[in-house]
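Asks: Can you keep this structure in mind? I'll have questions shortly.
Read-outs: derived from the displayed coordinates by stated rules, not from any lab. Keep in mind the model is a prediction, meaning the values are calculated, not measured. Neighbour counts run over all protein chains shown; Cβ positions are idealised from the backbone, glycine included.
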Amino acid sequence: MKLLLENWREYLKEMVEPITTLRIFDFDETIAHTQSETRVWLPGSSRNEKPDETLKNQTDFEEFMAKQQVGKDIDSFDPVEDLIKMGYTIDLSDYSIVKKPEEITIVTDVMREFPEDSKTYIITARRGESIDPILDYLNNINIDSSKVRPIATQGESKGDVMVQMMKNKIMPNGKSNINKIEYFEDSQRNIDDVLMKICNNPDLANIKPDGFKLIIHRIYKPKSEDGFAEEIITC
């Protein structure tokens with residue numbers, strides 16, 4: 001049975017001990033490249049008109065959102081809801097489905113393996129209605145979705161999610177039950193957030209198990225080549 005959880009905090013109660021490796025996969029531009037776009041109408045524009053901005057990928061989205069935050073009292077990691085309250089219309093409907101996906105095999109080939117004493121999560125910034133389409137897509141490319149736990153953060157910081165995962169289950173020795181995190185992600189902004197909150201977070205110093213590792217697989221598309229490549233970042 002598929003689980004649809006829009007609030008990732010409910011998931012944290014289900015984690016069991018011990019976890020040798022926590023595998024976390026982003027979806028868009030990590031598991032699959034899709035044709036999804038974000039359409040934006042600025043305050044005062046009518047949705048009956050052509051969008052003021054059409055954001056075709058994660059980089060476009062992050063750059064646009066960062067620009068719109070300048071000079072505004074917005075502290076949220078993802079400013080979408082704040083901007084909507086200010087009169088922006090932001091159409092994320094493409095992200096409620098998996099639109100014309102292209103499998104990124106350097107990631108999915110790894111994802112198909114489910115090592116013992118590990119847990120596999122998809123953590124996506126998408127909204128909750130996207131979870132079933134994502135799980136259907138995994139099944140279509142022969143990844144057993146029953147072994148994957150999806151979390152739709154709805155724009156919350158993935159670094160914050162991982163911190164809560166580490167704090168959620170503390171072993172009798174006072175350490176987290178998570179010994180290693182492997183994180184597959186394309187967004188440099190999300191990677192920087194995770195590095196700061198997992199590697200340089202004093203609140204985690206006393207609960208990290210001895211030998212704890214964070215291994216980040218940054219997925220990117222080389223300008224001079226077809227397909228995708230990865231860069232390994234550790235701390």
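Asks: Just tell me which lysines come within less than 19 Å, Cα to Cα, of K100; anything on the same chain fewer than 8 places away is out.
Replies: The reachable lysines, counting only those whose Cα sits under 19 Å from K100, are K56, K221.
Asks: Run lengths n ≥ 4 of DSSP H only: what is the helix-derived mean residue ellipticity at 222 nm for the chain, with -39500 (n - 2.57) per run over all residues, to the nearest 500?
Replies: Calculated from helices alone, the mean residue ellipticity at 222 nm is -6500 deg cm²/dmol.
Asks: Hey, fewest Cβ within 10 Å first, where do S224, S118 land in order?
Replies: Result, fewest neighbours first: S224, S118.
Asks: Could you pull out every residue, at least 5 positions away or on a different chain, whose amide H is within less than 5 Å of the one on R149? Hs are placed 1.01 Å off N in the peptide plane, and Pro or chain starts have none.
Replies: Placed amide hydrogens put T120, Y121, I122 under 5 Å from R149.
Asks: Calculate the tail of P(r) for region 38-96: the fraction of all Cα-Cα distances greater than 20 Å, expressed in %.
Replies: Percent of Cα pairs beyond 20 Å in region 38-96: 19.
Asks: Which value, in debye to the nearest 20, gives the size of the charge dipole of the chain about its Cα centre, when Lys and Arg are +1 and Asp and Glu are -1 at the Cβ?
Replies: I would put it at about 540 debye.
Asks: Place the peptides 25-35, 162-172, 45-55 in order of packing, highest mean first, counting for every residue the other Cβ atoms within 10 Å and averaging per peptide.
Replies: Output ranking for 25-35, 162-172, 45-55: 25-35, 162-172, 45-55.
Asks: Which cross-chain or sequence-distant (5 or more) residues have an amide H under 5 Å from the amide H of A32, H modelled 1.01 Å from N in plane?
Replies: I104
Asks: Arrange the following residues from fewest to most other Cβ atoms within 10 Å of their Cβ: Y220, Y121, Y183.
Replies: By the 10 Å Cβ count, ascending, the order reads Y220, Y121, Y183.
Asks: Let me check against my output: what whole-number percent is the relative contact order of the chain, with C-alpha pairs under 8 Å and at least 6 apart?
Replies: 26
Asks: Could you derive backbone 3J(HN,Hα) for region 226-232 from the dihedral phi with the Karplus parameters 6.51, -1.76 and 1.60 (θ = phi - 60°), listing whole Hz in sequence and x where the residue is Gly or Pro?
Replies: Here the 3J(HN,Hα) series is 7, x, 10, 9, 9, 10, 9 Hz.
Asks: What list of ³J(HN,Hα) couplings, whole Hz, do you get for region 27-37 from phi and the Karplus terms 6.51, -1.76, 1.60, once you set θ to phi - 60° and write x for glycine and proline?
Replies: 9, 5, 6, 10, 7, 8, 8, 10, 9, 5, 10
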